[in-house]
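The block underneath contains the structure these notes are about, expressed in structure tokens.
The values are calculated or read from the model by the stated rules, or taken from the named source; none is laboratory data. Since we're looking at a predicted model, the values are computed, not measured. We place every Cβ from the backbone using ideal geometry, glycine too, and count neighbours over all the protein chains shown. For the accessible areas, the whole protein counts, side chains as well, though only heavy atoms, and no ligand, DNA or RNA atoms are used. Shrake-Rupley method; radii C 1.70, N 1.55, O 1.52, S 1.80 Å.
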Amino acid sequence: ALKEVIHSLDIQGMRHMKYSYYPGCTLRNKAKDLDRYARASAEALGFTLEELEDWQCCGGVYPLGADEIASKLPSVRALNAASEKGQDLVAVCSACYHVLKRVNDDMKNVPDIQTRANNYMALEQPYIGQTQVLHFLEVLRDRVGFDNLKKAVVNPLTGRKIGAYYGCLLRRPSSVMAFDDPENPTILEDFIRALGATPVVYPYRNECCGGYISLKEPNLAASMCDTITASAAGFEADCLVTACPLCKYN
């Protein structure tokens, strides 16, 4: 658990930094531990995750209909709430991060969606995509720095061989997400190194786990997950780390 390996570290420019925080539904039930450890780790590293008031479910899936607006409004409300606080918006769940960031891109670059969303919400000041959406890992990499994170570790995971599992939602579409190299990401491996373990790079680390078909086609999803875990085991990984609680659950 992260709270067991990270202690307080005064990082220049991070102390008392506050981010708006969108936990999302999964971190309220199947992934309560991830929510708890993210908050504790943030405080240990000198920043605070301030949960948005009255946030709503993002839907979990980015709506692909060009004229779809209703299912994007919860994300717009969260983005605007962060904007009103003058804060960046942080998500820990990769699905929430994916939806929030793509809706934010719509509000920046798609005039029809921007106009209709603002007309519906009747905001005092129109929201036009000014909030920066960050995954928790991006805060660790770009704001805290993995070198500083490494200095904060008190019980390094020395000797552990850990496979990073990225899945689909963090990296695609790369033109919008701009999270890491879409074909050869390294952020999770760098995170694993900072905690003192050895990252294991294996062939299926970027493949889909079948998350969105797990209810309709459970046998197919199970086969996809078996392929991923067998690939990691074949390269001598002790365990897997994933940024997505839905992937972990699946």
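Quick notes on this one:
- Inter-residue pairs, beta-carbon under 6 Å, first more than 12 Å from Arg193 (Cβ to Cβ) and in region 129-157, second at pLDDT 95 or above and open to solvent by 20 Å² or more (accessible area, probe 1.4 Å), 6+ apart: Gly129/Lys108; Gln130/Ser83; Thr131/Ser83; Gln132/Asp88; Val133/Lys101; Leu134/Asp88
- Where helices (runs of 4 or more DSSP H) sit wholly within region 16-131, those with at least 2 residues that are within 20 Å of Tyr212 (Cα to Cα) and out of contact with any helix residue (DSSP H, G or I) (no Cβ under 7 Å at 6 or more places or on another chain) occupy 94-109.
- Pairs, first closer than 11 Å to Leu246 by Cβ and in contact (Cβ under 8 Å) with a residue 24 or more places away in the chain in region 88-99, second of a type in the set (A, V, I, L, M) and buried (at least 24 other Cβ atoms within 10 Å of the Cβ), C-beta under 6 Å, six or more apart: Ser94/Leu169; Ser94/Leu170; Ser94/Ala243; Ala95/Leu169; His98/Leu169
- For Gln125, the criteria (1) at pLDDT below 95; (2) open to solvent by less than 80 Å² (accessible area, probe 1.4 Å) hold in every case but one, which is (2).
- Number of residues in region 226-240 that are surrounded by fewer than 17 Cβ atoms within 10 Å (Cβ to Cβ) and either over 22 Å from Thr198 (Cα atoms) or touching a residue at least 60 places away in the same chain (Cβ under 8 Å) (or both) equals 5.
- Breaking point among (1) of a type in the set (A, V, I, L, M, F, W, C); (2) open to solvent by 40 Å² or more (accessible area, probe 1.4 Å); (3) touching a helix residue (DSSP H, G or I) at 6+ places or on another chain (Cβ under 8 Å), for Leu149: (2)
- Qualifying residue in region 128-143 (condition: farther than 15 Å from Val90 by Cα, open to solvent by less than 10 Å² (accessible area, probe 1.4 Å) and over 20 Å from the mean Cα position of the chain (by Cα)): no
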